[in-house]
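Structure first, then comments.
The values are calculated or read from the model by the stated rules, or taken from the named source; none is laboratory data. Bear in mind the structure is a predicted one, so any value in this text is a computation, not a measurement. In this analysis, Cβ positions are derived from the backbone assuming ideal geometry, glycine residues included, and neighbour counts consider all displayed protein chains.
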Amino acid sequence: MPANKKSRIIRMAVCFGIMLILIPVCYATGLFRWTGFGQLRFNLTVFLKLIIMAAGVICVETLAVFVLELIKPQNHRVRTVLSIICSVLKYVAAIVIICWGLSIIGVNVSTIVASVGIVALVVGFSAESLIADMVTGAFMVFENQYNVGDIVEVGGFRGTVSNIGLRTTCITDPGGNVKIVNNSAMKNILNRSDKPSRAASEIAVPYGTDFERLESQIPDLLESIYEAHPDMMKKTPVYLGINQLADSGVVMKFIVEVDEANIFSGARVLNHDLLLGFKKLGVECPFPQVDVHNIPVK
């Protein structure tokens, strides 16, 4: 079990433990039987109320997130929606704890809500980047620009979208490195998962090769390569022709259609099978050599 999931389970168990201990105390002592919120008050009773309230809200939020994370849909769009819901739940839990806590200590929350317009204006100027991140994230989800599980490239960093939140997007590259990007900075995105990708392979053969004979044998070789890797290759590899007349050999180019996640492994497999296939056909790949001529001195 991943460490982050273990920590969530432990956190949820602690919340439940606190609830089980404090709820009976509340009912036995009548801690929640107050008469109003007209005056600010803070004592041991109020402190216990705050602890029970916060523990209950955190427990509910943790349980909801835990249940949502147990769902493992294959559809990228559904995974994106679940990721957004988990992120929203955390913000909602924080807001509920703050408002409910103010009510418990006697603050008139309705007055605060009535003046929320002025507060929003102040927050708007002081937290412009935060609002930009949240608005941009909402538009990206609605416009379906990318989803959890898509392979994207942003600012030269290429990886799989592992999480989309209200403020940030997490992208994980093949090496396991995680790049956290603010949603407002997700510009000029290259979504590599929209269409199948092509893995390319270039292999050189000697100039003395009988190309008419070799090219007549290539279709059967490519078909055998596809039959050996149907799980990776979407179609039979294609021979594009002679790509370059290099110094030590003639470079032939091949491509194969694969998923974006297999673009590098597909190229490696194609290189490997073409090398072995050419050897079976009696064609050796050239390599640079140095010829040394001894000229006798008279």
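Within the stretch 181-193, being in a loop (DSSP other than H, G, I, E, B) and either in contact with a helix residue (DSSP H, G or I) (Cβ under 8 Å, 6 or more places away or on another chain) or exposed (fewer than 13 other Cβ atoms within 10 Å of the Cβ) (or both) holds for Met186, Lys187, Asn188, Arg192, Ser193.
Matching residues to (1) closer than 20 Å to Lys279 by Cα; (2) in the same structural domain as Ser83 (by TED's automatic domain parsing); (3) assigned to a strand (DSSP E or B):
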site	(1), (2), (3)
Phe139	no, no, no
Val161	no, no, yes
Pro174	no, no, no
Lys179	no, no, yes
Thr209	yes, no, no
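Among the residues examined, Gly241 does not qualify as in a loop (DSSP other than H, G, I, E, B) and surrounded by fewer than 18 Cβ atoms within 10 Å (Cβ to Cβ).
Taking every residue in the stretch 242-258 that is within 27 Å of Ser197 (Cβ to Cβ) and basic (Lys, Arg) and pairing it with any residue that is loosely packed, with under 14 Cβ neighbours inside 10 Å and modelled with pLDDT of 85 or more, at least 6 positions away or on another chain, the pairs with Cβ-Cβ distances below 8 Å are Lys253/Leu240; Lys253/Gly241; Lys253/Ile242. Meeting the requirement of 3 or more residues that are at pLDDT 75 or above, the helices (runs of 4 or more DSSP H) wholly within the stretch 30-126 are 44-70, 76-104. Per the listing Ala267, Ala200, the residue uniquely surrounded by 14 or more Cβ atoms within 10 Å (Cβ to Cβ), in a strand (DSSP E or B) and within 40 Å of the chain's Cα centre (by Cα) is Ala200.
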